[in-house]
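Each remark here refers to the structure printed beneath this line.
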Amino acid sequence: MSLAPAPPAYLEIRDVVKDFGSGSLAVNHVSLDIHKGEIFALLGSSGCGKTTLLRMLAGFEVPTQGTILLDGQNLAGLPPYLRPINMMFQSYALFPHLTVWENVAFGLKREGMPRANIAERVEAMLKLVQLQKYGKRKPHQLSGGQQQRVALARSLAKRPQLMLLDEPLGALDKKLREETQVELANIIREVGVTCVMVTHDQEEAMTMATRIAVMSEGKILQVGTPGEIYETPTTRFVADFIGSVNLMDGKVVVDEPDFVEIDCVYCRHRVGHGITGNVGMDVAVAVRPEKIRLSRTRPDGEVNHVKGTVRDRSYFGSFTVYILELEGGRRLKVSESNVDRHRADAPAAGEVAWATWPDTAQVVLTQ
């Protein structure tokens, strides 16, 4: 059975470098293929190069080397206003003296679109973002979420081939940001525009993006779907940057095709899959807190469990986080869903408990 060929890249970034002359490369030989209709997230901490890469796509920065192709067209030398690209900034950059309707129409008027066509397009965009009743209001009369949707409508009105989002929800408070993530992604998918977004917010990237590229120090460390990035990180940095994780250093002591065993200071891990390595190799074992279970009784066997003392227990409603202190002072984070309203056997702070996990829970990292 042959696999279907991957769709051709719509946006091709080939060996792109940006050197500001500071002694290190802001963008360090980045290559990416982004497909038509994707919402692709560049995720990383401040200074990792993600915004510089976005600005090169927009034309605000010129690559030191490399090629950027959009639907086969080389963007080199094209100024921002000639690129079939629209960028939506964190600040939204709405004109305060113009109404919502006029803000959405602004770019269309600059292009010289006939008045009747402008009216039709603006009404369609306001309907898309559910702001038909707010066309006569000024930006300061809207909530933060409504202003964000006006900025989105204005960006989509020109029907760009590529849309760039720079920290699109950064100006919103946490609750509104969470509510808006799905709404924004649904609007972009409904229109079908290809989108590249920059964010440092892991949850935002995981919620909105089709695929994610994790960046650090100008380089792409891993590209994958949200599930791939979270469940199968390829480096310690990615495992630690995305979500919460327990990382334990150890050595491979058993290496079989379908499982490995790794000795760490506090326990022996049996991992139900092979790795590219050999006996004696130094590795790190990553275990997500939600994949660990706590018990007052010692589990059977000699692998995948460790004893400790509960030093902290924090209740978050849908889940509870435990901090288990192991012998020697190392701490293990455990997150358990509160399926029952009152779990009778939940260990309390100060009690001894056993943490255990299945052999499918761990990821072995060699770098």
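The values are calculated or read from the model by the stated rules, or taken from the named source; none is laboratory data. Predicted, not measured: the structure shown is a model, and the values here were computed from it. Because the Cβ atoms are built from the backbone with ideal geometry, glycine has one as well, and the counts that use them run over all protein chains shown.
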Conditions: (1) surrounded by 14 or more Cβ atoms within 10 Å (Cβ to Cβ); (2) in contact (Cβ under 8 Å) with a residue 12 or more places away in the chain; (3) not small (Gly, Ala, Ser). Met113 meets all but one. Number of the miss? (2)
Kindly establish whether Gly274 is under 30 Å from the mean Cα position of the chain (by Cα) and either among the charged types (D, E, K, R) or farther than 17 Å from Arg330 by Cβ (or both). yes
Of all strands (runs of 3 or more DSSP E) fully inside the stretch 294-367, the set with 3 or more residues that are out of contact with any Ser or Thr (no Cβ under 6 Å at 6 or more places or on another chain) and farther than 23 Å from Ala284 by Cβ is 305-315
Out of curiosity, is Leu156 among the hydrophobic types (A, V, I, L, M, F, W, C) and either within 18 Å of Tyr81 (Cα to Cα) or part of a loop (DSSP other than H, G, I, E, B) (or both)? yes
Filtering the stretch 57-93 for residues that are at pLDDT 95 or above and within 22 Å of the chain's Cα centre (by Cα) leaves a count of 1
Extreme residue, nearest to Leu247 (Cα to Cα), among residues of the stretch 314-329 that are among the polar types (S, T, N, Q) and surrounded by fewer than 14 Cβ atoms within 10 Å (Cβ to Cβ): Ser314
Quick check on Glu61: is it in contact (Cβ under 8 Å) with a residue 24 or more places away in the chain and either surrounded by fewer than 21 Cβ atoms within 10 Å (Cβ to Cβ) or of a type in the set (D, E, K, R) (or both)? yes
When you scan the stretch 38-46, do you find a residue that is in a loop (DSSP other than H, G, I, E, B) and of a type in the set (D, E, K, R), even just one? yes
Mind checking which residues of the stretch 178-214 are among the hydrophobic types (A, V, I, L, M, F, W, C), over 20 Å from Asp71 (Cα atoms), in a helix (DSSP H, G or I) and out of contact with any Ser or Thr (no Cβ under 9 Å at 6 or more places or on another chain)? Leu184, Ile187, Met206
Name the residues in the stretch 336-367 that are crowded, with 17+ Cβ neighbours inside 10 Å and in contact (Cβ under 8 Å) with a residue 60 or more places away in the chain, would you? Trp354, Ala355, Thr356, Trp357, Ala361, Gln362, Val363, Val364, Leu365
Return a yes/no flag: does the stretch 217-240 have any residue that is in contact with a strand residue (DSSP E or B) (Cβ under 6 Å, 6 or more places away or on another chain), within 30 Å of Gly301 (Cβ to Cβ), of a type in the set (Gly, Ala, Ser) and outside any strand (DSSP E or B). yes
Inter-residue pairs, beta-carbon under 8 Å, first modelled with pLDDT under 90 and in the stretch 21-32, second of a type in the set (D, E, K, R), 6+ apart: Ser24/Glu217
For the stretch 61-96, which residues satisfy the criterion of being outside any loop (DSSP other than H, G, I, E, B) and within 20 Å of Lys50 (Cα to Cα)? Gln65, Gly66, Thr67, Ile68, Leu69, Leu70, Pro80, Ile85, Asn86, Met87, Met88
Identify all residues within the stretch 193-211 that are more than 27 Å from Lys158 (Cβ to Cβ) and not charged (D, E, K, R); write none if there are none. His200, Gln202, Met206
Pick from Ser31, Ser46: which is among the polar types (S, T, N, Q), exposed (fewer than 15 other Cβ atoms within 10 Å of the Cβ) and in contact with a strand residue (DSSP E or B) (Cβ under 8 Å, 6 or more places away or on another chain)? Ser31
For the stretch 67-82, which residues satisfy the criterion of being touching a residue at least 40 places away in the same chain (Cβ under 8 Å), surrounded by 19 or more Cβ atoms within 10 Å (Cβ to Cβ) and not β-branched (Val, Ile, Thr)? Leu70
Can you tell me which residue within the stretch 166-198, out of those that are at pLDDT 90 or above and within 13 Å of the chain's Cα centre (by Cα), is surrounded by the fewest Cβ atoms within 10 Å (Cβ to Cβ)? Val198
Within the stretch 98-143, how many residues are of a type in the set (S, T, N, Q), under 21 Å from Leu184 (Cα atoms) and not in a helix (DSSP H, G or I)? 2
If you scan the stretch 289-317, which residues turn out to be within 13 Å of Tyr266 (Cα to Cα) and of a type in the set (Lys, Arg)? Lys307
Those residues of the stretch 208-224 that are on the phi < 0 side of the Ramachandran plot and among the acidic types (Asp, Glu) come to a total of 0
With the requirement that a residue be closer than 14 Å to Ala151 by Cα and among the β-branched types (Val, Ile, Thr), what does the stretch 93-140 give you? Thr99, Val100, Val104, Val122, Val129
